[in-house]
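Okay, so here's the structure we're looking at.
The values are calculated or read from the model by the stated rules, or taken from the named source; none is laboratory data. Keep in mind it's a predicted model, so treat the numbers as computed, not measured. Ideal geometry is used to build each Cβ from the backbone, glycine not excepted, and the neighbour counts take in all protein chains shown. Side chains are part of the model used for accessible areas, which takes the heavy atoms of the whole protein and leaves out ligands, DNA and RNA. Shrake-Rupley method; radii C 1.70, N 1.55, O 1.52, S 1.80 Å.
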Amino acid sequence: MTDLLLRDALLLDVHTGDYQEADLRCAEGRIAEIGDRLRAPDSVPVLELAGAVVLPGLIDGHVHVTAATADLPAMTSWSPSYVAAHSARIMGEMLDRGFTTVRDACGADYGLADAQAEGLIRGPRLAFCGRALTQTGGHGDTRGRGDQFLDNHPCRTGMGRVADGVDAVRAAARDELRKGAHHIKVHASGGVASPTDRVDSTQYSAEELRAIVEEADAASRYVAAHAYTARAVNRALENGVRSIEHGNLIDDRSVELFVEHKAFLVPTLVTYWALKNEGRDHGLPESSWRKVDDVLNAGLGGLERAARGGVKLVYGTDLLGDMHRHQNREFRIRREVQRPIDIIQAATVNAAELLGLAGEIGTLQAGAHADLIVLDADPLADIDVLAEPAHITRVLQAGRIVR
Ligand SMILES: [Zn+2]
């Protein structure tokens, strides 16, 4: 039974920031109609929501549902079935926090997406990319300096695959597309949770980046690039990358390029907050923990620069291990530089557009999936309402009450 009638709710139009007090009827998993005193057959359950606020289900544009630990190199020796069991738990907890769709930024595959779609596991709709493409010694190469052997076997648990050279990156991109990738993830700069690179390095040549973009384009998909510095971000954008993940150290030229290429920025500030506070307790190696400060301090400045320049922003978190519980805190962090409606748009309409699902998710309109959250307070008055999952009194997915 996916038919349901919501009575007298305050429905937020996330496009305009206006509330409408109305009824909303769900049928066959979709929003069927919105209006006053809607009627439904007696058999359809009614939710009386006078005084409650209803938003579209939240979308997190950067998660790792397989990241059961912050010690990513250690995870490569875990059994894939054990990781899958953790992923099911992590996805269920995301749904409970109001996230009805997530974009996995590497690690998740078609198996998890199928399991969620078939109802075998509770969780958000899953837009996955398989493994991220990384160069030797890049952000996705989990080997320490002393490790010589590279085990790229697809049955081994992992989030990245090493590929060097134009032919090899083409083959790797085609292979991920063959497995159903919604987007191709590429590591275009150094990172925090990688053992041998520096945050300020650029990764992959322009030729390699262009070849990956060409393959994604050919399959009507797009490329998302992990990049921190303006140098790395700008060359990724110039070579056709559509979404920049993190982007903490962008400059004014980056903002121009984002706007010119209609590209998206997916900041993930909460993960640095969490890594700084708890990373070492949760298995983040000391060498990675020491890199956090470089990116944490610049992150809010980068967000403010992008917001001021009109860059399309998407909500992202990038949390690992036990730190996943801070997923909603990104709302609180962005409040420093953005209005509540702007942050809500990042987690709804903007994210939907990035995923190629505009009108399908992230909006309260007839025809969209009936993915909704019910709140006991007004997030436009105080965005902190979304930072505290306790304010989310109900979560609906495809018209079903899932929490
Ligand atoms: Zn990530």
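Taking every DSSP beta bridge with both residues inside the chain, roughly what % is antiparallel (nearest 5)?
On the way: 25 of 56 bridges.
Bridges in the chain are about 45 percent antiparallel.
Any lysines with Cα under 18 Å of the K276 Cα? List them, leaving off those in the same chain fewer than 8 positions away.
Qualifying lysines at Cα under 18 Å: K291.
If we count every other residue with Cβ under 14 angstrom of D251's Cβ, Lys/Arg +1 and Asp/Glu -1, where does the sum land? Spell out each step's value before the answer.
Numbers: positive: R231, R235, R253, R305, R308; negative: D200, E238, D252, E256, E304.
Summing Lys/Arg as +1 and Asp/Glu as -1 gives 0.
Could you work out which residue, out of T100, T268, T69, moves most in a Gaussian network model of the chain, that is, has the largest mean-square fluctuation with Cα springs under 10 Å?
T69
Could you tell me how many degrees, from 0 to 90 and to the nearest 10, lie between the Cα long axis of helix 292-308 and the main elongation axis, the longest principal axis, of the Cα atoms of the chain?
Compared with the principal axis, the helix lies near 50 degrees.
Carbon and sulfur: what percent of the chain's accessible surface (1.4 Å probe)?
That share works out to 47 percent.
Tabulate in residue order the Karplus-calculated ³J(HN,Hα) for the stretch 154-159, using 6.51 cos²θ - 1.76 cosθ + 1.60 with θ = phi - 60°, rounded to whole Hz; enter x for Gly and Pro.
Calculated HN-Hα couplings, in order: x, 7, 7, 5, x, 10 Hz.
If you fit an axis through the alpha-carbon atoms of helix 80-96 and take the longest principal axis of the Cα set of the chain, what angle between them do you get, 0 to 90°, nearest 10?
Taking the Cα atoms of the chain, the angle to 80-96 is about 40 degrees.
Shape verdict for the stretch 141-293, please, from the Cα gyration tensor: rounded (a/c under 1.5), prolate (a/b greater than b/c) or oblate.
Working: a/c = 1.82, a/b = 1.13, b/c = 1.61.
It comes out oblate by the Cα gyration axes.
Helix 166-178 versus the longest principal axis of the chain: what angle, 0 to 90°, nearest 10, using Cα atoms?
For 166-178 against the chain, the angle is about 30 degrees.
Could you derive backbone 3J(HN,Hα) for the stretch 322-339 from the dihedral phi with the Karplus parameters 6.51, -1.76 and 1.60 (θ = phi - 60°), listing whole Hz in sequence and x where the residue is Gly or Pro?
5, 6, 3, 5, 8, 3, 7, 5, 4, 4, 5, 5, 5, 3, 4, 10, 9, 6
Which net charge results for the neighbourhood of T66, defined as the other residues with beta-carbon distances under 10 angstrom from its beta-carbon, given Lys and Arg at +1 and Asp and Glu at -1?
Working: positive: none; negative: D104, D109.
My count for the surroundings of T66 gives -2.
Sorted by average packing, counted as other Cβ atoms within 10 angstrom per residue and highest first, what order do 142-154, 73-85, 171-183 take? Provide the component values of the computation, followed by the final result.
Values: 142-154: 11.2, 73-85: 15.0, 171-183: 19.4.
Ranked from most to least packed, the peptides come out as 171-183, 73-85, 142-154.
Would you please state the base-10 log of I(q)/I(0) at q = 0.06, 0.08, 0.14 1/Å for the chain, with intensities from the Debye formula using one equal scatterer on every alpha carbon?
Debye curve over Cα of the chain, log10 I(q)/I(0) at q = 0.06, 0.08, 0.14 Å⁻¹: -0.22, -0.40, -1.20.
Hey, can you find the accessible area per residue of the chain for me, probe 1.4 Å, expressed in square angstrom?
Details: 15690 Å² over 403 residues.
Each residue of the chain exposes 39 Å² on average to a 1.4 Å probe.
Which value at 222 nm does the chain reach when only helices count, each DSSP H run of 4 or more adding -39,500 (n - 2.57), with the total divided by all residues and rounded to the nearest 500 deg cm²/dmol?
Values: 14 runs with 127 residues, N = 403.
Result for the chain, helices only: -9000 deg cm²/dmol.
Name the aspartates and glutamates eligible as straight-distance cross-link partners of K179: C-alpha to C-alpha under 18 Å, and not fewer than 8 places from it in the same chain.
Result set, ordered by chain and number: D104, D109, D114, E118, E214, E215, D217.
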